[in-house]
Amino acid sequence: MDDDRPGDDGPDDPGGSGGFGGFGGFGGGDLGDIGFFLQDLTRMLSGSGSAGPWDSAAQLAGSIASRGAPESNVDPVDRMAVEQLARVAELQVQDATGRALDAPVRLVPLNRSQWAKTFLNDEQDLLERIAGSIGQALQSQLGGLDADELAGASEQATPFGISPEALIRQVMGMMGPMLLGMMAGSTAGHLAARALGHYELPLPRPADEPLSMVLANVDEFARSWSLPEDSIRLWVCLSDVVHHQVLTLPHVRDHLGALLREYAQGFDHDPEELDRRMRELGLDDLLGSGEPDMAAVQRLAGDPDLLLGAMQSAEQRALMPQIEATVAAVEGYVDVILDTIGARLIADYDQVTEALRRRRVEFGPEARFVERIFGLELSQATFDRGSAFVSGLVERAGTGVFEVLWSGTESLPTPAELDAPGLWLARMDVDADPVDSDLTALGEVQIPDTLPDDWT
């Protein structure tokens, strides 16, 4: 992410280089160099005024999401058209699955900045846990400075009139709020810049809030693939309605939410272990004194997931297969339902689906980094495993198996069962009798020109 914030002196600033080695801790550099870095950091923080970390996050998210350009609200005509598509999607998904939502679906098309701020509000707890955990890791690096070095530098006055030791402790106290604003805002902003619908990531979101669509992104995608806008809009509506149908089930959201929260606060806080992992990744040049190797810096910038790999704890690695098993089951269910009813609703369903499913696994390092922050592994293999699992259940036991699959926490698949549907069927004591392997047949679908009076 480019940083154009005022107060950043850039690469020619004499205080910008020296002994600070990114997340890897301080090397054997001069503490005077460290002092200059900390002074610049303090100036940057003090330049944010009285805004709290969450306000700063919202400002940063909006700036990244909008790409620095002003945004207008969604046109009322487009808003009404999308609401009609959402109603069609809800009715067709309900008819096909036999599962009604607790409340009628509401969908609000938003611009990128609005979507980013909505995501921030919805995922505030999870983002605070992530920032807090990574903040502790960084503070452990600062706290790991050699006591003799700090004592020897305690009499060196900085331009602020305090010792480097006191300045370090001050920055340690500010690290948490700074990271919350930076990480939460950057995460929401980058997501909003490419998000199509509400469930751009399969994260539980408030059940009583409306679904959202980033209409500008949806229509841009349609134009880039030379596909009808209404087809892409309806596909996104269908996908989000099916996601919403499952992710708002209390036991699913509680189970997945607990796994994600545990992952979010589990980043490794051991400075020695972090240093060792950075060296194993070939990033040891970032840890030494003097000028860092620019090739190593560029490698880290080009693949920020390397950094998360270094900070990931053993506990987090143990959680990822459990998270993937639940997420893959959800995504597999969504794919199977869409493939069953999509062609009846969208004339060019095959082309639309090929384009949208290719998009979800073709991403740059920023998108990959955002996914991994939450502990998600959204690779093609994950989607394939989910689809194969759900299709295998339907082939063996018919669509009535969905009632069992989503009946409780104990019915969610384990990582082993995800690759062997028969194991799941045996554990759940479901007979292999595909008497209703076809989903509910749907008739001709008409999209209404206006919404009914009772539509809210």
Revision key, fill the gap. The answer for the net charge of residues other than residue 332 whose Cβ lies under 11 angstrom from its Cβ, with Lys and Arg +1 and Asp and Glu -1, is -3
Exercise for review: Lys and Arg at +1, Asp and Glu at -1: add these up for the other residues within a Cβ distance under 14 Å of residue 225 and post the number.
Suggested key: -2
Study note, to complete from the structure: Diffing region 79-89: the Karplus 3J(HN,Hα) column from phi (6.51, -1.76, 1.60, θ = phi - 60°), in whole Hz with x for Gly and Pro, holds 4, 5, 5, 5, 4, 5, 5, 5, 5, 4, 4
Study note, to complete from the structure: Long-range amide H partners of residue 108, meaning residues 5 or more apart or on another chain whose placed amide H is closer than 5 Å, are 211, 212, 213
Study note, to complete from the structure: Most exposed to least, judged by fewest other Cβ atoms within 10 Å, 267, 221 sort to 221, 267
Practice item. Quick one: net charge around residue 214, please, counting Lys, Arg +1 and Asp, Glu -1 for every other residue with C-beta under 15 Å from its C-beta. Key: +1
Point to revise | Shape parameters for region 77-121, alpha-carbon atoms, Rg then Dmax in Å | key: 12.9, 36
Check your understanding: Simple spin-label model, 7 Å along Cα-to-Cβ: residue 377 to residue 77 in nm?
Key -> 4.8 nm
Check your understanding: Pulled fully out, how much extra length does the chain show between residue 273 and residue 404, if you take 0.36 nm times their separation in residues and subtract their Cα-Cα distance?
Key -> 42.8 nm
Point to revise | Residue (of 54, 97, 110) at the positive-pole extreme of region 47-117, dipole from beta-carbon charges | key: 54
Study note, to complete from the structure: Per-residue Cβ contact counts at 10 Å, fewest first, order 414, 382 as 414, 382
Exercise for review: Would you work out if region 306-401 is rounded, prolate or oblate? Take a ≥ b ≥ c from the square roots of the eigenvalues of the alpha-carbon gyration tensor; rounded if a/c is under 1.5, else prolate when a/b is larger than b/c, oblate otherwise.
Suggested key: oblate
Practice item. Could you please rank 424, 225, placing first whichever residue has the fewest other Cβ atoms within 10 Å of its Cβ? Key: 225, 424
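Read-outs throughout are calculated quantities, based only on the coordinates presented, and are distinct from any laboratory measurement. The structure presented is a predicted model; accordingly, all values stated were derived computationally and were not measured. Here the Cβ is made from the backbone with ideal geometry for all residues, glycine too, and neighbour counts use every protein chain on show.
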